1. Of everything in region 27-37, what is under 20 Å from the mean Cα position of the chain (by Cα) and either surrounded by 13 or more Cβ atoms within 10 Å (Cβ to Cβ) or at pLDDT below 80 (or both)? Give them in sequence order.
2. Considering only region 169-180, I want to know if a residue exists there that is assigned by TED's automatic domain parsing to the domain that holds S120, of a type in the set (V, I, T) and under 20 Å from the mean Cα position of the chain (by Cα).
3. Just checking, which of Q175, Q196 is under 16 Å from F124 (Cβ atoms), touching a Phe, Trp or Tyr at 6+ places or on another chain (Cβ under 6 Å) and of a type in the set (S, T, N, Q)?
4. Within region 181-203, can you find the residues that are over 20 Å from H229 (Cα atoms) and within 20 Å of the chain's Cα centre (by Cα)?
5. So, in region 181-218, exactly how many residues are basic (K, R) and farther than 14 Å from L170 by Cα?
6. Between a residue in region 15-26 that is within 16 Å of Q45 (Cα to Cα) and any residue that is surrounded by 10 or more Cβ atoms within 10 Å (Cβ to Cβ) and of a type in the set (A, V, I, L, M), which pairs come within a Cβ distance under 9 Å, given they are 6 or more apart or on different chains?
7. So, in region 148-181, how many residues would count as being touching a Ser or Thr at 6+ places or on another chain (Cβ under 7 Å) and either surrounded by fewer than 22 Cβ atoms within 10 Å (Cβ to Cβ) or assigned to a loop (DSSP other than H, G, I, E, B) (or both)?
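The values are calculated or read from the model by the stated rules, or taken from the named source; none is laboratory data. Computed from a predicted structure; not experimentally measured. Cβ atoms come from the backbone with ideal geometry, glycine included; neighbour counts cover every protein chain shown.
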Amino acid sequence: MDETLYNDELLIRYLDGELSAEEKTALEERLHTDKALQEQLVHLQVAVQAVKYLGTTERVQAVHAEMMKELKATNKGKVVPFSKLVRYTMAVAASILVLFVGVRLYLNAQLSPEKLYNESFVDFNVSAARGSNENFSEIEKHYQQKAYEAVIGDVRSVNMDAKDSLLVGLAYLHQNRTPQAIGIFQRLANSANNFQQDAEFYLSLSYLKNKEYSKALPLMEKIKNTPSHLYREYVTEKVIEKTKKLNDK
């Protein structure tokens, strides 16, 4: 069997809850690392929603056709009982409600801290940073080269200023060492320095990545409600709303 067809069949059984515990575990392990398989799953999920939408649309059309048939009969002197009109209206409303709930559930299922973090993350521009000059520190040079392990290693051999500390925190974040990043960003966000607002933004994203939504939200709202904040444009109402939904799950 073609691999794509085999994967489709496997994913459909996964969506239908027909896989054994062993099969489900094996598939989810593949989904964790296989981006092509992840996309295949998303396409199937969209197809399922489209089928549900089509089914709902057809139900609404059928109810509408039946109602119009009854109404046309009034031209021949037949009176449509009020109870029937109510029933038709409720049937249409119920079909639309099913569609609405289905779409909302689908959208909520697609929401994850990893996805929201990736959508919201904006990397720090070393060369455009406040107070920068051509004499970059070793930490700045390594960060520009995306040598994040080297950035972390530099901590032992240099005296760091606020900008270097911020870059070390970001290097930890890029390496998925989120608790260490949080510790550095907390210190910078709670002290007066030229990179305090940068630290607030990255601290909010670190909390999001670490699934500490109740800590991320106050920072996001502070950034959003401060017109002069450097990162205000990146913390949109949509980002805050999605974080609230994650917090409510």
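1. Our first condition is that a residue be under 20 Å from the mean Cα position of the chain (by Cα); within region 27-37, this holds for 28, 31-37.
Of everything in region 27-37, those that are under 20 Å from the mean Cα position of the chain (by Cα) and either surrounded by 13 or more Cβ atoms within 10 Å (Cβ to Cβ) or at pLDDT below 80 (or both) turn out to be L31, D34, L37.
2. First, pick out the residues of region 169-180 that are assigned by TED's automatic domain parsing to the domain that holds S120: 169-180.
Subset that is of a type in the set (V, I, T): 178.
So of that shortlist, the ones also under 20 Å from the mean Cα position of the chain (by Cα) come out as 178.
Yes.
3. On the way: Q196 fails: touching a Phe, Trp or Tyr at 6+ places or on another chain (Cβ under 6 Å).
Just a single option satisfies the conditions, and that option is Q175.
4. Within region 181-203, no residue meets the criteria.
5. Kept after step one, since they are basic (K, R), are these residues of region 181-218: 187, 209, 211, 215.
Remaining after also requiring farther than 14 Å from L170 by Cα: 211, 215.
Summing the residues that are basic (K, R) and farther than 14 Å from L170 by Cα in region 181-218 gives 2.
6. L15/L41; L15/L44; L15/V48; E18/I12
7. Let us first name the residues in region 148-181 that are touching a Ser or Thr at 6+ places or on another chain (Cβ under 7 Å), namely 158, 164, 173, 178, 181.
Subsequent filtering for residues that are either surrounded by fewer than 22 Cβ atoms within 10 Å (Cβ to Cβ) or assigned to a loop (DSSP other than H, G, I, E, B) (or both) retains 158, 164, 178.
Matching residues across region 148-181 total 3.
For (1) modelled with pLDDT of 80 or more; (2) surrounded by 14 or more Cβ atoms within 10 Å (Cβ to Cβ); (3) of a type in the set (D, E, K, R), each residue gets a yes or a no:
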{"site": "A109", "(1), (2), (3)": "no, no, no"}
{"site": "P113", "(1), (2), (3)": "yes, yes, no"}
{"site": "S120", "(1), (2), (3)": "yes, yes, no"}
{"site": "V126", "(1), (2), (3)": "yes, yes, no"}
{"site": "R130", "(1), (2), (3)": "no, no, yes"}
{"site": "N135", "(1), (2), (3)": "no, no, no"}
